[in-house]
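Down below is the structure, laid out as structure tokens.
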Amino acid sequence: MRLTDHTFIIPPEKVTGYLLKWRAKSDKSQFLAQAGFTLENPESLLQAIQKLVSENDAIHDLTNEFGEYYIVEGDLIGKNGISLGVMTIWIVKPPEQDIYRFVTLKPSRR
């Protein structure tokens, strides 16, 4: 299933306040910077995530009290041409049956 067939939301603050901001614990900014994704160009990361979602299927991962989780795995391609294998995590919270909300991304397991 492709998320582009549904509503998917990537809050801008997840990109600027979490993914691209250096953090002492669970930092993702250093990993993403390898492909040129930085706080100076957060829109490029948003576009890369949207492209990844449009080209790869979402696979159901698990269901818990918070909702249903899905994984979309693929490559983020930076403006510098470097490709990063990532898995993105999405949640559908009840009762929102058709709204997929971005949770996080991390380096791919593949």
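The values are calculated or read from the model by the stated rules, or taken from the named source; none is laboratory data. Owing to the predicted nature of the structure, the values given are computational and were not obtained by experimental measurement. Every residue, glycine as well, gets a Cβ built from its backbone with ideal geometry; the counts of neighbours run over all protein chains shown. Note: areas computed on protein heavy atoms with side chains; ligands, DNA, RNA excluded. Shrake-Rupley method; radii C 1.70, N 1.55, O 1.52, S 1.80 Å.
Per-structure values
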| read-out | value |
| --- | --- |
| Positions within region 41-70 being open to solvent by 90 Å² or more (accessible area, probe 1.4 Å) and closer than 13 Å to R2 by Cα, in sequence order | K51, E55, I59 |
| Filtered residues of region 76-92 (kept if surrounded by 15 or more Cβ atoms within 10 Å (Cβ to Cβ) and out of contact with any Phe, Trp or Tyr (no Cβ under 8 Å at 6 or more places or on another chain)) | I77, V86, M87 |
| Residue identified as at pLDDT 95 or above and touching a strand residue (DSSP E or B) at 6+ places or on another chain (Cβ under 7 Å) among L39, L105 | L105 |
| Among the candidates E73, E13, E96, residue that is of a type in the set (D, E), under 13 Å from the mean Cα position of the chain (by Cα) and surrounded by 12 or more Cβ atoms within 10 Å (Cβ to Cβ) | E73 |
